[in-house]
Structure formats: structure tokens, C-alpha cells
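One structure is given below, encoded as C-alpha cells.
The values are calculated or read from the model by the stated rules, or taken from the named source; none is laboratory data. Remember, it's a predicted structure, so these values are computed and weren't measured experimentally. Neighbour counts run over all protein chains shown; Cβ positions are idealised from the backbone, glycine included.
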Amino acid sequence: MIYEIGKTSGIYCIEGIGNARAYFVGAPDFALIDTGVPGKANAIVSALAQIGIQPLQVKRIILTHHHWDHVGSLWELQKITHAEVCAHPRDADYITGKRLRRSPRQPLARVLYGLFSLLGAQKLPPVRVERLLNEGDHIGSFTVIHTPGHTPGHICLLRGDYLFAGDLLFATAGGFRETPHIFTADVKTSRLSIAHIAELNFQVILVGHQPPHVVKSAERVRELVRKIGVME
Ligand SMILES: [Zn+2]
Ligand SMILES: [Zn+2]
């Protein structure tokens, strides 16, 4: 399923590709942000067809981070689209296979990780990352914000009023909360990253695991920062 966020944003949310969402940004970017779990390339291609986008029109695939529910269909999609694959250097190493995804330390997270591995998380084929994105880089209409913590190379992308936030935050009915700590590599660093984005101006946050949060998102993030008590 694909739908436009607002009426004329040219930003589309793609659902039904595992529990993580992907986003597509139309002209002039033609960029896909994240790719869902493995085996969803065809679902993404048909979602894009519904808005008149053919695979070869996709110029870039930008990954918010290396987790399997965000890069799962990258390998297949790259073959179909020939798009430029972009990620932060510290997560790129996991995507290219240079570093191996390791199981986390916490017992519950280990159990979940074992389960994901059974579903194919370990066996993701390596993909070449053609463009490395660092803090402050401009790529098309996006500004890259390095937001480490959930993973070392997690990034957010700012584009006008819109912030693509990957798994930095979870949206709730009234605002935001931290992504469950069991999935986060470094909670303290992640909190500093949340404080970092709270200083930016945007209206809408597009997170990985809930529908877009469209009203006064920056204010809601500042509320969360006060609640978790991080100061920069
Ligand atoms: Zn994640
Ligand atoms: Zn995720």
C-alpha cells in the first residue's frame, strides 16, 4: 500500500512490507528511503507503479540504518532499479558485509535476534554502498543528520518540514517515545541524538515503525527530551 503524506508533499509512505515502512520522495529526488524486510521488492515496485514510478526512475536508495527490517529488500531492489545506494559509513560496513551483524547482549534481545536470524536476517546478501553520507551532507533535497545510538551509523534526513527519522523514535498517540532499549545498541548516545534533532525545525516526522506524525512534531520531541532529561 502506498499513500501520499498530505496533499501535495510528493512524499509517499509505503506500508505492508514487514513491520517497518519505507518512504518514497518524488521529483526532483526520486529517492527511496529504506526497503522493508526481505522479499518485499516486488511489493515496493508495485506500490511505486501505482503512483506512476517505474523502477529505473528510482535514482537513490538511502538507508537510515543497517537493521534487517530496513535493508531486507535492498539487494533485490538495487538489481531492479540500479539506484545509487547511500548510507552512513559506520552502518555501510554491515550492509556491504565488511562487518557481521552481532547478536545483542541483553537476554531478551538475544532471543528476538535469534528469531530474526531464523527469518533470514543473518543471510542478507552484501550490497555495495556507492555513496557514504556524513553529518551535514546534502544529498538531493536532503540534509543528513547523524543520529547514532540505535546503531552506530543511524541517520535522519531533513527535507523542509519533514524529518525522516528511521528508528530514532517511536511515535505514540500523543507524541514520541524512545525506541525500545532492547533494540538500541547505545541508549545514552541515542538520547543525545534525540536531543540533537529536538533543536531542528520541522513539522512532520516520518518514523520507521508507526504512521507519519504530522502535527508539531518538533515540539513533541522537545517534550520527550525534557522527560528523559538529556541536556547537551
Ligand atoms: Zn532498527
Ligand atoms: Zn526498525
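Quick check on residue 142: is it within 16 Å of ligand 1 (Cβ to nearest atom), of a type in the set (Phe, Trp, Tyr), touching a residue at least 12 places away in the same chain (Cβ under 8 Å) and buried (at least 16 other Cβ atoms within 10 Å of the Cβ)?
The answer is no for residue 142.
Of all residues in region 146-174, those satisfying the criterion of being farther than 19 Å from residue 95 by Cα and away from ligand 1 (no atom under 12 Å from the Cβ) are 158, 159, 160, 161, 162, 163, 164, 171, 172, 173, 174.
Which ones in region 175-232 are in a loop (DSSP other than H, G, I, E, B), within 16 Å of ligand 1 (Cβ to nearest atom) and not acidic (Asp, Glu)?
Of everything in region 175-232, those that are in a loop (DSSP other than H, G, I, E, B), within 16 Å of ligand 1 (Cβ to nearest atom) and not acidic (Asp, Glu) turn out to be 179, 180, 184, 185, 208, 209, 210.
Please tell me if residue 20 is at pLDDT below 95 and within 12 Å of the chain's Cα centre (by Cα). Here the answer is yes, as residue 20 does meet what is asked.
Annotation: of all residues in region 56-97 being crowded, with 24+ Cβ neighbours inside 10 Å and small (Gly, Ala, Ser), the one that is nearest to ligand 1 (Cβ to nearest atom) is 72.
So, of the residues in region 17-32 that are surrounded by 13 or more Cβ atoms within 10 Å (Cβ to Cβ) and more than 16 Å from ligand 1 (Cβ to nearest atom), which turns out to be farthest from residue 62 (Cα to Cα)?
So the first thing to find is which residues in region 17-32 are surrounded by 13 or more Cβ atoms within 10 Å (Cβ to Cβ), and the list is 17-18, 20-26, 29-32.
Subset that is more than 16 Å from ligand 1 (Cβ to nearest atom): 24-26, 29-32.
Numbers: 24: 10, 25: 11, 26: 14, 29: 11, 30: 11, 31: 7, 32: 6 Å.
Filtering region 17-32 for residues that are surrounded by 13 or more Cβ atoms within 10 Å (Cβ to Cβ) and more than 16 Å from ligand 1 (Cβ to nearest atom), the one farthest from residue 62 (Cα to Cα) comes out as 26.
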